[in-house]
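Working notes, structure below.
Where a number appears in this text, it was derived from the coordinates with a stated rule and is not lab data. Since the model is a prediction, treat every value here as computed from it, not as a measurement. We place every Cβ from the backbone using ideal geometry, glycine too, and count neighbours over all the protein chains shown.
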Amino acid sequence: MKKIGALDLLWSGVKLNFLQASWNFERLQNAGFLFSIINILKKIYGKGTPDMAAAMKRHIGFFNTHIFFSSAALGVIARLEENIPNDDPAAKEREIENTKMGIMGPLAAIGDSLFWSGIKPFALLIGVVIVLLGGTQRPGLWIWAVAAAFFIYNLPRIVIKYFLLFKAYYQHQELFGLIQKIKFQDILRSIKITGMGVLGMFAGVFAVTNDQFIASHFVDSLLLTAVFFMTVSALKRKVSVSRILMVLMTACIIIAYIF
């Protein structure tokens with residue numbers, strides 16, 4: 001058995017970008033997970049061996065978690081595959097499968113809340129604000145808006161993904177304690193508050209763009225102020241950010257067609 005190195009983990013992390021490339025309704029992300037971990041399994045068991053076949057069969061089963069937190073699951077499973085002896089294949093199968101099933105749910109819950117309800121809407125908000133502040137005077141500003149949204153969304157994705165991958169493999173016993181210590185709800189709340197602040201500042205700045213006073217944009221300012229307070233009220237009632245953005249986008253499309 002060859003020892004797993006940092007490059008092996010890094011290559012598996014890169015392949016996790018295709019976790020949902022062969023998503024299916026029966027076992028969800030199973031094929032993508034096996035594709036990501038197979039290079040590690042080959043190092044542990046060797047090509048064409050019965051143990052390798054058993055490991056592939058084990059990981060073609062059900063798998064589903066948040067795509068950016070899946071690296072934590074891969075790191076833990078890779079370490080278990082390497083450390084647990086093959087003296088009792090049934091016991092090894094049980095322990096790995098129980099561990100996998102036990103960590104998928106919590107990782108999915110944390111990832112969905114942090115990314116789909118926090119970082120992704122915030123990144124889109126920043127991009128939209130940059131475009132709208134530029135107006136028709138700066139048509140090329142959309143490139144910077146896309147770049148800003150792309151950077152804000154992908155920087156935490158990459159950092160979290162590879163940090164969890166290496167932490168889960170090298171210090172898998174400390175991983176769950178670390179995840180419990182990180183106050184994800186506080187981080188999510190901070191993102192939402194920052195987003196509301198950006199939206200509020202945008203409402204004020206938009207009202208005085210092009211060297212004009214608020215009076216010349218009275219209707220626009222009134223609508224933006226109303227949207228801001230309705231958004232704050234919805235967030236206080238714990239309406240998801242994604243739902244709020246969908247409602248706002250739908251309303252904007254309808255108003256654009258009417259007027």
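Say R0 is 45 Å: what FRET efficiency, to the nearest 0.05, do Arg237 and Ala6 get from their beta-carbon distance? Walk me through the numbers on the way to the answer.
Numbers: r = 46 Å, r/R0 = 1.03.
Result of the calculation: an efficiency of 0.45.
Along the stretch 70-87 the Karplus relation, 6.51 cos²θ - 1.76 cosθ + 1.60 evaluated at θ = phi - 60°, assigns HN-Hα couplings of 5, 5, 5, 5, 5, x, 5, 5, 4, 5, 5, 4, 7, 8, 6, x, 8, 4 Hz to successive residues, with x for each Gly and Pro. Legend: distances between Cα atoms for Lys43/Lys120; Lys57/Lys120; Lys57/Lys167; Lys3/Lys92; Lys15/Lys238; Lys47/Lys161; pairs beyond 30 Å are Lys43/Lys120; Lys57/Lys120; Lys15/Lys238.
Across the stretch 115-123, coupling constants 3J(HN,Hα) worked out from phi with the 6.51/-1.76/1.60 Karplus curve, θ = phi - 60°, read 8, 6, 9, x, 5, 5, x, 5, 4 Hz, and Gly and Pro carry x.
Dimensions of the stretch 1-182 from C-alpha coordinates, computed as largest minus smallest value along each principal axis and given longest first, are 71, 34, 33 Å.
Between Met56 and Asp88, the modelled labels are 2.8 nm apart [label points 7 Å from Cα along Cα→Cβ]. Among 47-60, 22-35, the peptide with the highest mean count of other Cβ atoms within 10 Å heads the list, and the full ranking is 22-35, 47-60.
May I ask you to order 64-76, 109-121, 81-93 by the average number of other C-beta atoms within 10 Å around their residues, highest value first?
Numbers: 64-76: 24.6, 109-121: 18.8, 81-93: 13.2.
Sorting 64-76, 109-121, 81-93 by mean packing, highest first, produces 64-76, 109-121, 81-93.
Which net charge results for the neighbourhood of Asp112, defined as the other residues with beta-carbon distances under 14 angstrom from its beta-carbon, given Lys and Arg at +1 and Asp and Glu at -1? Net charge in that neighbourhood comes out at +3.
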